[in-house]
Amino acid sequence: MLTWYHGSYNNCGVGDKMKLSELVIYAEEKFNIKEKYKWQEFQNYSVLIEPDNGKWIALLMRHRDFETGENIEFCDIKCGQEALKEIGASYLSKPFKMKGNKWLGVKFGENTEKEVVYKLFDRAMGINDNGGKIILEDVLSGIKKGMEGNVYEIRKPEFRETVISHLQNALERSERFGGKTGGIPEKIRQMHSLYVHGDGSLRQKCKNFYIQGKFMEDYEDEVEWQTGLSYYFPTYHDMRLNHLRGYFSWRTKLRCGDFRNGNLSYSYMYLYELLNGIGVSSVLESLIKMREFENFYMKSENTDRLLKNCLSRWKLELAVLKGVESEIACEYADEEMIKKDRALAALEKPDVHTDEEIFEALCLLGTARLASSAVVKKQGSRGVHLFAEVWRVSLKHCNEGGKTLITACFGGLCSYIWHPLSNAMYYSEEKRDDEVYHLNEVRSYIHKGGRWVERGYHSLHFDKEKFNSLLREADRRLRLYLNTGSPLKEREDGAWAAGYIDMVIEKERKEQLEAAKPKISIRFDKLDEIRKTAAETGKSLLTEEEREEHEKDKPLDKAEEKQADKKPEIRTENAGKDTEATATGRLSSIQTAVIKRLLEGENPVSFVKENRIMPEIIADEINEIFFEEVGDNVLECDGENISLIEDYRAEIERYLHRL
């Protein structure tokens, strides 16, 4: 049974839309089968006929839709209808004109995969050539061994003519490949002898490519090469001699730094060699040469979008398969993918990332207009900080139906089956143990039970509407708060985020008020000097009579001296405003009341709300005060309730008792 890799062939240098004429060209180049028009009155119909036995391989049909003016192309191929179950592609169906389950219908259009159609045609040739179990590859093997004697035992006399026809056809193809053996370089003839037919699977084909490629690793040639040929999944064995020698000549120049244009098939073959470690000493050298080729190729006139996409994938896939360090692998991965991964990592754990990193992530994953918001343009780093805080607060408090905000917006980490280098000629006999390869904080590759799984965020699950509604509402409310830029119209889809944004605004407003209060700094080590200077100044201002009266005063006793040495009472900025705050040190009266209620097992939330203070803010203030004392937070707040961390009850009680 033929092994199918559905969906991967479109990335192999094949155009997006397949035409019927391409199948005709393929049949002629590979099998020397020419299109025949058998009916003069039906010029829209033609056939491809096996030249040895005259049997039909394919019926080709072309029609014109007079309503749309579109040309419609389809065909029936005699390859069997098993492919309908094996592939299940939309362009495959039961036959359009032919009868029986040996025929399969193919419609040509945007989604028709060329390599799949070519494989179907190859299968048809195998079915029609194999009546006597004599296939073309066996005949070619016989040519290599020589035609002396009876190479094949023909058990059925009726197949004798077929075998003779095969041999004649094989000789013709051998001449097309290079004529007599004397015209073929010895190295290439030796390479061809290494080819093993095996089971005909893709793995067998890849193995042959690897073995032959390593054998030809240092081969050089110097002939002119063609630029117009096209092979799909090109291998050494598939190419004619002039094309093959042309490739090695092109590769010789390329390895010397001469990056002149070859053709698309040569490009694929060269990259396949690098993937298999052919012509390089390490996987890192393979990656470097792939990048060099990419830099050259992207500047050339023959830039192919599909090859560009393949090359972008292959570099990372090779790095993962070979266990290259993740930092190096990221350098060779798709740049846009790495940027998105870094952005998601910043949003996933915003507390360990800077405001700038979070804001950059918001701009990359959200609307591009955010970067040009008046909040950022006119407020600079302050605006960036406010947007970053909106995300931090929203992520901390938003939980809808058990989903965190990042899960709601980006779907969370998901696992998908991963097929590294599945659309390339790649062979490896390495037996892998179960392993996990971490590319970065949000993307990893897991090998288990013989298969790979990729784990990461996938754009398929992104909810951009919810994410952008948060950013727009933040932009709207911050503009109003800062009185900057043109006001934005209020939308219902952003109402869910209003509370989180207001929390950020309220917190910043309080911080601004605190920062505006005057600060009093007292240097107690200078008090003695101040007293001495003040005494001398006062003495100099006394009259002579007052000085005499002062000298008559008795010296102070020890108790009075001790009293005189006491430091004067210093009134801070809170003096006369909050006497309880002065009595208890840094804690205000409200903060002290909250602490006492918590120690007595009461919930202080109602008391806090009566004083028009947000629970989260007062909890943060108390934690900041006690951080110097215990080195940790002593209160927890979920936005609504405040609770005491029991591990620090004793420290809090000692702190209050000391005051």
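The values are calculated or read from the model by the stated rules, or taken from the named source; none is laboratory data. All figures in this text were calculated on a predicted structure; none of them were measured in a lab. For neighbour counting, all protein chains shown are included, and Cβ atoms are generated from backbone atoms with ideal geometry for every residue, glycine included. Quick note on the areas: whole protein, heavy atoms, side chains included, nothing else; ligands and nucleic acids left out. Shrake-Rupley method; radii C 1.70, N 1.55, O 1.52, S 1.80 Å.
Observations, loosely collected:
- Value of Rg/Rh across the range 59-123 [Cα atoms, Kirkwood radius]: 0.98
- Relative contact order computed over the range 412-469 (Cα-Cα under 8 Å; 6+ residues apart), in percent: 38
- Compared with the alpha-carbon gap, the fully stretched path from VAL223 to GLU86 is longer by 45.0 nm at 0.36 nm per residue.
- ARG313 accessible area, 1.4 Å probe, all protein chains in place, Å² to nearest 10: 90
- Cα pair distances of the range 299-408 binned at 5 Å [whole percent]: 2, 11, 15, 15, 14, 13, 12, 10, 6, 2, 0
- Measuring r between the beta carbons of GLU110 and PHE42 and using R0 = 35 Å, the FRET efficiency lands at 0.85.
- Taking 0.36 nm per residue of separation and subtracting the current Cα-Cα distance, fully stretching the chain between LEU513 and ARG382 would add 45.6 nm.
- Heavy atoms of GLU441 accessible to a 1.4 Å probe, total area in Å² rounded to 10: 130
- Applying 0.36 nm per residue to the separation of LEU460 and HIS657 and subtracting their alpha-carbon distance, the gain on full extension is 65.0 nm.
- For a paramagnetic label modelled on HIS438 (point 7 Å from Cα along Cα→Cβ), amide N atoms under 20 Å away belong, within the range 305-334, to 317, 319-333.
- Cα-projected label distance for ASP258 with HIS419, points at 7 Å along beta-carbon direction, nm: 3.9
- Cα-projected label distance for ASN483 with ASN399, points at 7 Å along beta-carbon direction, nm: 3.9
- Cleavage-rule hits, GluC sites (Glu not before Pro), the range 47-122, DSSP coil, Cβ neighbours within 10 Å at most 14: GLU67, GLU70, GLU82, GLU110
- Here the range 21-132 is treated with +1 on each Lys and Arg Cβ and -1 on each Asp and Glu Cβ, and its dipole about the Cα centre works out to around 460 debye.
- Remark: for residue pairs LYS507/LYS609; LYS19/LYS78; LYS85/LYS214; LYS38/LYS102; LYS17/LYS207, the C-alpha separation exceeds 26 Å in LYS85/LYS214; LYS17/LYS207.
- Percent RCO, i.e. relative contact order, over the range 280-439, from Cα pairs under 8 Å lying at least 6 residues apart: 21
- Shape category assigned to the range 47-86 from the gyration tensor of Cα positions, a/c cut at 1.5: oblate
- The order of VAL283, VAL324 by accessible area, most exposed first and with a 1.4 Å probe, is VAL283, VAL324.
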